[in-house]
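The values are calculated or read from the model by the stated rules, or taken from the named source; none is laboratory data. Keep in mind the model is a prediction, meaning the values are calculated, not measured. Virtual Cβ from ideal backbone geometry, glycine too; neighbours counted across all protein chains shown. Remember, those area values only see protein heavy atoms, side chains included, never the ligands or the DNA or RNA. Shrake-Rupley method; radii C 1.70, N 1.55, O 1.52, S 1.80 Å.
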Amino acid sequence: MSGDARAVAEGLRAFVGELARSGVTDAVACPGSRSTPLVLALRAHPGIRLRVLLDERSAGYFGLGMARSSRRAVVLIATSGTAVVNFMPAIVEASLARVPLVVLTADRPVELRDVGAPQTIDQVHLYGRHAKWSGELPLMDGAPETMAHLRAVAGRAVATALAGPAGPVHLNAPFREPLVPDGILAPRADDEADRLRAFAEVVGAPRRLDSDAVDALVARISAHRRGLIVAGPCDEAGLADALARLSEASGFPILADPLSGLRAGSHDRTNVLARGDQVVRPGPWIDAHRPTMVIRFGAMPTSKPIAELLRAVRPELLVVDGDSGWREPVGVPVTHVHADAVVTATALADRLGPVANGSRAENDWLDAWHSAEAAAGAAMDGWLARLDEPFEGAPFVALADALPDGATLWAGNSMPVRDLDGWFPSTARRIALHSNRGANGIDGVISTALGSAAVASGPVALVVGDLSFLHDLNAFVAARLHRLSLTIVLVNNDGGGIFSFLPQAATDAPAVGLPANYEELFGTPHAIAPGPLVEAFGFDHRLVDHASLRAALADVISAPGVAVLEIRTDRDRNVVLHREAAAAVAAALGRLATDATA
Ligand SMILES: Cc1ncc(C[n+]2csc(CCOP(=O)(O)OP(=O)(O)O)c2C)c(N)n1
Ligand SMILES: [Mg+2]
């Protein structure tokens with residue numbers, strides 16, 4: 001073996017050792033030749049668990065799911081060529097959803113690029129602006145400068161992926177043949193000597209406002225008695241407690257998106273409202289309760305009615321984002337507060353306390369929102385109790401009861417995440433609620449939930465639509481290879497149910513002078529029975545109905561392996577049922593509004 005192969009072994013030990021020292025515990029790779037040195041080195045490190053998957057598109061989402069549940073940066077590895085491009089959807093999602101990934105792509109050395117060498121594409125900066133940072137590793141030649149650089153880059157990659165806003169970083173790694181390094185790849189005793197000291201450390205702190213800036217915001221908040229806190233999708237630990245305090249001090253109720261981390265948990269949920277999506281819909285109740293101020297945290301909420309309320313009312317709007325984002329898509333005047341959300345909410349609560357207390361006695365604003373929440377909840381529960389047919393919101397009510405403390409629930413995009421918002425109630429149980437809402441893809445949904453299941457400590461469940469399910473079928477290869485457990489509730493409405501709620505469904509083709517083509521272009525019925533597909537992978541499939549769903553959930557939720565509970569619904573009927581439920585809420589809120597003015 002050549003000295004080059006020995007230098008590669010040395011370089012890899014330094015590089016991977018530094019990844020581990022920086023906090024990496026998990027890596028996902030797909031098989032390939034050019035990536036051999038990386039895969040062997042990651043496998044050799046006792047502190048890193050490497051999982052091998054087949055399909056890079058699935059593996060990318062799998063790594064994303066792991067990072068979401070572990071709150072750590074996860075390493076992805078691909079061989080050269082189209083393999084690298086298949087990470088793209090997960091990288092886009094990670095970028096927008098602020099999920100830390102360190103993507104390592106193996107490549108040929110420069111002399112073999114752009115000269116017709118096989119499986120060689122231009123991988124440098126391939127992910128464009130979707131990667132927070134990208135660079136090219138040097139060929140590992142054993143020079144002291146190279147060794148230092150490899151360690152520094154590894155540490156920087158992890159730190160950059162984790163630094164707010166978290167996101168994906170990309171390192172392209174060239175290797176000359178031979179591709180099997182010559183030398184020990186596992187950490188050696190002399191590496192161990194500085195095991196606890198990173199080569200390049202970062203010491204940082206969350207951004208915080210100075211006291212003048214806090215005072216200025218407190219003055220603005222104190223001028224309003226009709227305020228709302230809107231908690232959007234967010235993974236920030238500690239935010240639930242901080243917002244509970246801010247709500248208490250301001251007298252502003254919290255409209256909690258299901259992905260905010262506020263709906264489920266042992267924190268103070270006194271002022272956490274779960275029915276905001278219904279309560280704020282146009283009608284006499286919201287007309288009488290228009291907020292004059294909104295303080296938003298996290299990403300823009302899933303609920304369209306909340307966005308429409310902001311657009312219609314144009315309240316004084318504060319958007320708090322510790323990562324200096326500009327997430328205000330509604331198009332209304334806004335003050336962006338670029339300071340840590342938890343620190344800022346706590347500082348505002350501390351300063352507000354005495355100010356708000358004096359005026360809160362005559363403030364029935366909070367009580368009114370509590371009444372609306374209770375009325376909406378009662379109307380929805382009552383409507384659901386009278387139903388005796390499958391309904392797409394019902395799985396979320398059943399799951400809120402069936403999932404134990406410490407569980408994780410994923411919702412696919414399209415209708416599942418909206419039904420999660422509509423139907424998952426506020427509960428004291430600690431249940432982590434997630435969805436890929438960075439780019440709202442219907443791809444990679446099962447893979448993401450399986451990645452989450454690979455690292456989560458409690459049971460993991462997923463509610464997914466049939467098209468999303470078919471889109472990501474080969475996720476089941478990962479479940480097989482790694483003996484993962486996941487409960488999937490498959491809402492099978494034989495196509496894209498969401499489009500039935502959109503204008504496309506109402507106009508169909510005559511409006512544009514074509515024969516009827518809604519089903520072909522949007523509904524996309526496929527008539528594929530998923531049972532045999534699931535069984536082909538060796539997993540449990542059950543057809544359940546409205547009455548048998550709860551018993552089936554209880555049966556499978558903590559059982560090992562993958563179970564798919566399929567509920568069949570009808571897309572047209574689904575629109576009718578959603579409108580019925582909304583009408584029941586509107587009637588209840590209408591009564592509240594009338595009572596208040598009577
Ligand atoms: C990767 C990707 N392709 C296409 C879309 C557009 N899209 C949004 S919802 C949807 C239909 C999803 O159908 P299904 O998963 O069955 O859920 P349902 O609408 O029936 O709730 C499609 C195709 C998307 N969001 N992401
Ligand atoms: Mg569907």
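For the stretch 1-100, which fully contained helices (runs of 4 or more DSSP H) count at least 2 residues that are under 23 Å from the mean Cα position of the chain (by Cα) and modelled with pLDDT of 95 or more?
Details: elements: 3-21, 36-44, 56-70, 82-85, 88-97.
Where helices (runs of 4 or more DSSP H) fall fully within the stretch 1-100 and carry at least 2 residues being under 23 Å from the mean Cα position of the chain (by Cα) and modelled with pLDDT of 95 or more, they are 56-70, 82-85, 88-97.
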Exercise for the section: Test Val84 against the stated conditions and say whether it is in contact with a strand residue (DSSP E or B) (Cβ under 6 Å, 6 or more places away or on another chain), buried (at least 20 other Cβ atoms within 10 Å of the Cβ) and in contact (Cβ under 8 Å) with a residue 24 or more places away in the chain. Expected result: yes
Handout entry: Filtered residues of the stretch 465-516 (kept if within 9 Å of ligand 2 (Cβ to nearest atom) and either of a type in the set (Asp, Glu) or surrounded by fewer than 16 Cβ atoms within 10 Å (Cβ to Cβ) (or both))
Key = Asp466, Asp494
Exercise for the section: Tell me which residues, restricted to the stretch 420-453, are of a type in the set (A, V, I, L, M), under 13 Å from the mean Cα position of the chain (by Cα) and more than 16 Å from ligand 2 (Cβ to nearest atom). Expected result: Ala432, Leu433, Ala439, Ala449
Handout entry: The one condition in (1) within 23 Å of Ala345 (Cα to Cα); (2) open to solvent by 10 Å² or more (accessible area, probe 1.4 Å) that Val319 fails to fulfil
Key = (2)
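Could you please find all residues in the stretch 1-25 being of a type in the set (D, E, K, R), open to solvent by 20 Å² or more (accessible area, probe 1.4 Å) and in contact with a Leu (Cβ under 8 Å, 6 or more places away or on another chain)? Can you show your working first?
Initial filter on the stretch 1-25 (of a type in the set (D, E, K, R)): 4, 6, 10, 13, 18, 21.
Of the ones still in play, those that are also open to solvent by 20 Å² or more (accessible area, probe 1.4 Å) are 4, 6, 10, 13, 21.
Listed by number, the residues that qualify are Arg13, Arg21.
If a residue counts only when it is within 14 Å of ligand 1 (Cβ to nearest atom), which helices (runs of 4 or more DSSP H) contained entirely in the stretch 428-526 have at least 3 such residues?
On the way: elements: 445-455, 466-471, 475-481, 503-507.
Once the helices (runs of 4 or more DSSP H) in the stretch 428-526 are filtered for at least 3 residues that are within 14 Å of ligand 1 (Cβ to nearest atom), what remains is 445-455, 466-471.
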Exercise for the section: Tell me, yes or no, whether the stretch 535-550 has at least one residue that is more than 16 Å from ligand 1 (Cβ to nearest atom), at pLDDT 95 or above and touching a His at 6+ places or on another chain (Cβ under 8 Å). Expected result: yes
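Looking at the structure I just gave you, is Pro395 within 11 Å of ligand 1 (Cβ to nearest atom) and not in a loop (DSSP other than H, G, I, E, B)?
No, not satisfied.
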Fill in the blank from the handout: When restricted to Ala372, Ala400, Ala368, Ala339, the only residue at pLDDT 95 or above and open to solvent by 10 Å² or more (accessible area, probe 1.4 Å) is Ala368
Completion exercise
All conditions in (1) open to solvent by 30 Å² or more (accessible area, probe 1.4 Å); (2) of a type in the set (A, V, I, L, M); (3) in contact (Cβ under 8 Å) with a residue 40 or more places away in the chain; (4) part of a helix (DSSP H, G or I) are true of Val417 except (1)
